[in-house]
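Chemist: This is the structure, below, for whatever I ask next.
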There are 2 protein chains.
Amino acid sequence: MNLENKIVLASASPRRRELLSQIGINPRIIPSQVEETITAHQPDEAVMELSRQKAEDVAFSQKPGVLVIGADTVVACQGKILGKPKSHEEACQMISMLQGRNHQVYTGVTLIYCGEKGKKTVTFAEKTEVFVSPMTQEEIWEYGWSSEPMDKAGAYGIQGRFKAFIERIEGDYNNVVGLPVCRVYHEIKKMMEEE
Amino acid sequence: MNLENKIVLASASPRRRELLSQIGINPRIIPSQVEETITAHQPDEAVMELSRQKAEDVAFSQKPGVLVIGADTVVACQGKILGKPKSHEEACQMISMLQGRNHQVYTGVTLIYCGEKGKKTVTFAEKTEVFVSPMTQEEIWEYGWSSEPMDKAGAYGIQGRFKAFIERIEGDYNNVVGLPVCRVYHEIKKMMEEE
């Protein structure tokens, strides 16, 4: 696929950008400025809604031929949705909740292709089940007060030091990092073939 | 755990070294020189046997207080064991075999703690199920002739460009990269607590 200068990522996340560049897609970065509004109550619906708001906000001002990617990730554990922690104390609380059991990571993705005759939109959510090992109070404290949890949904980064506590996953690993690149790659391919 | 200067990795793999350093363990590297001999027929037994040979070879000359890690990874698909490809042609053959179905990645690990009163050994194998998406001939060819497959069991690196084709996994992701760090971390912790 020749996608040079065609892909725009409506997210400031350096991890999403890196995932795309690792599969040969180097997007332009135009972070969405949209005020995020969630009306959905289910995590998969909420991330789809947010990814769509971000993608639409940026696609609005794009020229024909451009494909915009919007994405949003949350962690769901025991009926609660966890976003990014606002403090190290909150990070420790989230880690305490996650340790010793499984939880779900949802990433919602919206792709908008700006065609000559109008826009084409695809939205989906990908779920990955994550199993965290039991942790001691000291391990929770040490991790919660490190720099890793602060900008991440659920207060951990699967690709960082926290990997010592990830027993297993079921689903797409990169979905937990922030973008289900396998599905994204195949959906982009399909959109491009249809054009 | 204070493991400074205590851990030796009996493997030249830069990926295993990096995984350990990401969880705060910076091992000395002493690659095993052992002539690898497999007598086992099952993939899990074969990787345990090889990891043990590597660890024992290096532990032989270590002082008390040192913990040696040996590891070996193979890919099993439709009853065949795939090691590292010897050519780009063989890499393309392996990728053709893996695409559109699931396979198993086995990493065998042996930990040898060199105590004052003798050595203590733990050996285990970890399995991860990997589901690869269908690929076109062009995608197989392009990947098989890139530099990525050549030093990797099964001819792919899950952490590189091939992530575009990994639909999902069941198990420890880092086991596919080359070392099940979560299990390794907890086994080392247990060994150190028992000392």
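The values are calculated or read from the model by the stated rules, or taken from the named source; none is laboratory data. Just so you know, these numbers come straight off a predicted model, no measurement behind them. Here the Cβ positions follow ideal geometry from the backbone for every residue, glycine too, while neighbour counts run over all protein chains shown. Side chains are part of the model used for accessible areas, which takes the heavy atoms of the whole protein and leaves out ligands, DNA and RNA. Shrake-Rupley method; radii C 1.70, N 1.55, O 1.52, S 1.80 Å.
Chemist: If you take every residue apart from B:VAL34 with its C-beta less than 15 Å away from the C-beta of B:VAL34, what net charge results, scoring Lys and Arg +1 and Asp and Glu -1? Don't jump to the answer; show the numbers that get you there.
Modeler: Working: positive: B:ARG52, B:LYS54; negative: B:GLU35, B:GLU36, B:GLU49, B:GLU56, B:ASP57, B:ASP72.
Residues near B:VAL34 contribute -4 overall.
Chemist: Hey, another quick one. Using a label point 7 Å beyond Cα on the Cα-Cβ vector, give me the inter-copy distances for A:GLN93 in nanometres, one decimal, shortest first.
Modeler: So the label point of A:GLN93 gives 5.9 nm to the other copies.
Chemist: Here's a follow-up. Any idea of the accessible area per residue across the protein assembly as shown, 1.4 Å probe, to the nearest Å²?
Modeler: Details: 18120 Å² over 390 residues.
Each residue of the protein assembly as shown exposes 46 Å² on average to a 1.4 Å probe.
Chemist: Same structure again: If you put +1 on each Lys and Arg Cβ and -1 on each Asp and Glu Cβ, how big is the dipole of the protein assembly as shown around its Cα centre, in Debye rounded to 20? Intermediate values should be presented prior to the final figure.
Modeler: Numbers: 46 positive and 54 negative charges, 80 e Å.
Dipole of the protein assembly as shown, to the nearest 20 debye: 380 debye.
Chemist: Based on the mean of other Cβ atoms within 10 Å per residue, sort peptides A:29-36, B:88-95, B:172-179 so the most packed one is first. Walk me through the numbers before you get to the answer.
Modeler: Details: A:29-36: 14.0, B:88-95: 19.1, B:172-179: 26.0.
Order by mean packing, descending: B:172-179, B:88-95, A:29-36.
Chemist: Continuing with the same structure: Using the Karplus curve 6.51 cos²θ - 1.76 cosθ + 1.60 with θ = phi - 60°, what ³J(HN,Hα) values do you get for each residue of region A:93-107, in whole Hz, with x for Gly and Pro?
Modeler: With the stated coefficients, region A:93-107 comes to 4, 5, 4, 4, 6, 7, 5, x, 8, 9, 9, 10, 10, 10, 10 Hz.
Chemist: HN-Hα J couplings of region A:67-81 from phi, Karplus 6.51/-1.76/1.60, θ = phi - 60°, integer Hz, Gly and Pro as x?
Modeler: With the stated coefficients, region A:67-81 comes to 10, 9, 10, x, 8, 8, 10, 9, 10, 10, 9, 6, x, 10, 9 Hz.
Chemist: Here's another thing I want to ask about it. Roughly how many percent of the accessible protein surface of region A:106-195 is carbon and sulfur, given a 1.4 Å probe and a whole-percent answer?
Modeler: Carbon-and-sulfur percentage of accessible area, whole number: 49.
Chemist: Can you give the average number of partner chain beta-carbon atoms within 10 Å of each beta-carbon in peptide B:155-167, as a whole number?
Modeler: Values: counts 0, 0, 0, 2, 4, 2, 3, 3, 10, 15, 5, 5, 6.
For this peptide, the per-residue mean of nearby foreign Cβ atoms is 4.
Chemist: What's the magnitude of the charge dipole for region B:47-176 around its Cα centre, counting Lys and Arg as +1 and Asp and Glu as -1 at the beta-carbon? Answer in Debye, nearest 20.
Modeler: Numbers: 15 positive and 17 negative charges, 108 e Å.
Once rounded to the nearest 20, the dipole reads 520 debye.
Chemist: Just subtract the alpha-carbon distance of B:SER147 and B:GLU4 from 0.36 nm times their residue separation and send over the number in nm, one decimal.
Modeler: On the way: separation 143, 0.36 × 143 = 51.48 nm, distance 3.45 nm.
Result for the pair: 48.0 nm of gain on full extension.
Chemist: Now for a different question. What percent antiparallel are the DSSP beta bridges of chain A, to the nearest 5? Walk me through the numbers before you get to the answer.
Modeler: Numbers: 31 of 36 bridges.
So the antiparallel bridges in chain A amount to around 85 percent.
Chemist: Which whole-number percent gives the relative contact order of chain B, counting Cα pairs below 8 Å spaced six or more residues apart? All intermediate terms of the calculation are to be shown ahead of the outcome.
Modeler: Numbers: 402 pairs, mean separation 41.4, N = 195.
The value is 21 percent.
Chemist: Count charges around B:HIS186 for me, please; just the other residues with Cβ under 15 Å from its Cβ, Lys/Arg as +1, Asp/Glu as -1. The partial results should precede the final answer.
Modeler: Details: positive: A:ARG161, A:LYS163, A:ARG168, B:ARG183, B:LYS189, B:LYS190; negative: A:GLU138, A:GLU139, A:GLU167, B:GLU126, B:ASP172, B:GLU187, B:GLU193, B:GLU194.
So the environment of B:HIS186 carries a net charge of -2.
Chemist: So which residues of region B:170-190 lose at least 10 Å² of accessible area, probe 1.4 Å, when you go from the chain by itself to every protein chain present?
Modeler: B:GLU170, B:GLY171, B:ASP172, B:TYR173, B:ASN174, B:VAL181, B:CYS182, B:TYR185, B:HIS186, B:LYS189
Chemist: Let me ask something else about it. Can you give me the angle between helix A:181-194 and the longest principal axis of chain A, using Cα atoms only, in degrees from 0 to 90, rounded to the nearest 10?
Modeler: Relative to chain A, helix A:181-194 is tipped by roughly 10 degrees.
Chemist: I'd like the FRET efficiency for B:GLU116 and B:GLU90, computed as 1/(1 + (r/R0)^6) with the beta carbon distance as r and R0 of 56 Å, rounded to 0.05. Walk me through the numbers before you get to the answer.
Modeler: On the way: r = 48 Å, r/R0 = 0.85.
Given R0 = 56 Å and the Cβ-Cβ separation, E is 0.75.
Chemist: Here's a follow-up. Cut-off under 18 Å on the C-alpha distance; same-chain residues fewer than 8 positions from A:LYS117 excluded. Which aspartates and glutamates are left, in chain and number order?
Modeler: A:GLU56, A:GLU193, A:GLU194, A:GLU195
Chemist: Quick check: pseudo-label points 7 Å beyond the Cα along Cα→Cβ at A:ALA12 and B:LYS190, how many nm apart are they?
Modeler: Label at A:ALA12, label at B:LYS190, 4.5 nm between them.
Chemist: Averaged over all directions, how much area does the convex hull of the C-alpha atoms of region B:22-97 cover when projected, in nm²?
Modeler: Details: hull surface 28.8 nm².
Mean projected area of the Cα convex hull: 7.2 nm².
Chemist: Under 11 Å from a point 7 Å along the Cα-to-Cβ line of A:GLU36: which residues of region A:58-73 have their amide N that close?
Modeler: A:71-73, by backbone N distance to the label point.
Chemist: I've got another one for you. Nearest 100 Å² is fine: what is the total accessible surface buried where chains A and B meet, probe 1.4 Å?
Modeler: Working: alone 10150 and 10140 Å², together 18120 Å².
Counting both chains, the buried surface is close to 2200 Å².
Chemist: Assume the label is 7 Å from Cα along Cα to beta carbon: what separations in nm does A:TRP141 have to the matching positions in the other copies?
Modeler: 6.1
Chemist: Still on this structure, I have one more. What residue among B:GLN93, B:GLY65, B:GLY83 has its Cα farthest toward the positive end of the dipole of region B:20-99, where the charges are +1 on Lys, Arg and -1 on Asp, Glu, each on the Cβ?
Modeler: The Cα lying farthest towards the positive end belongs to B:GLY65.
Chemist: Still on this structure, please answer the following. Between beta-carbons, use under 11 Å as the cut-off and find the net charge around A:ILE112, counting Lys and Arg +1, Asp and Glu -1.
Modeler: Working: positive: A:ARG52, A:LYS54, A:LYS119, A:LYS120; negative: A:GLU56, A:ASP57.
Result for the local shell: +2.
Chemist: Then there is this: Which log10 I(q)/I(0) values does region B:124-195 give at q = 0.22 Å⁻¹ under the Debye formula, counting every alpha carbon as one identical point scatterer?
Modeler: -0.99
Chemist: Separate question: Taking amide H positions as placed 1.01 Å from N in the peptide plane, with prolines and chain starts having none, which residues 5 or more places from A:LEU82, or on another chain, fall under 5 Å of its amide H?
Modeler: Amide H neighbours of A:LEU82: A:VAL75, A:ALA76, A:CYS77.
Chemist: Residue by residue through region A:149-165, what is 3J(HN,Hα) from phi via Karplus (6.51 cos²θ - 1.76 cosθ + 1.60, θ = phi - 60°)? Round to whole Hz and write x for glycine and proline.
Modeler: In residue order, the calculated couplings are x, 5, 10, 10, 4, x, 6, 9, x, 5, 8, x, 5, 5, 4, 5, 10 Hz.
Chemist: When each copy gets a label point 7 Å from Cα toward the beta-carbon at B:LYS120, what are the spacings between them in nm, shortest first?
Modeler: Those label-point separations list as 6.2 nm.
Chemist: May I pose another question? Helix A:43-59 versus the longest principal axis of chain A: what is the Cα-based angle in degrees, 0 to 90, to the nearest 10?
Modeler: 40
Chemist: At what distance in nm do the modelled label points of A:GLN137 and A:GLU45 sit from each other, each positioned 7 Å from its Cα along Cα→Cβ?
Modeler: Between A:GLN137 and A:GLU45, the label points sit 4.1 nm apart.
Chemist: Hey, another quick one. Dividing the convex hull volume of the alpha carbon atoms of the protein assembly as shown by its residue count, what do you get in Å³ per residue?
Modeler: On the way: hull volume 53.2 nm³, N = 390.
So the per-residue Cα hull volume is 137 Å³.
Chemist: For peptide A:125-131, compute the average count of partner chain beta-carbon atoms within 10 Å of each residue's beta-carbon. Working shown, then result.
Modeler: Working: counts 0, 1, 0, 2, 1, 0, 3.
That average works out to 1.
Chemist: Taking only the C-alpha atoms, wrap a convex hull around chain B and report its volume per residue in Å³ as a whole number. List each step's numbers first, then the result.
Modeler: On the way: hull volume 21.6 nm³, N = 195.
Taking the convex hull of the Cα positions in chain B, it is 111 Å³ per residue.
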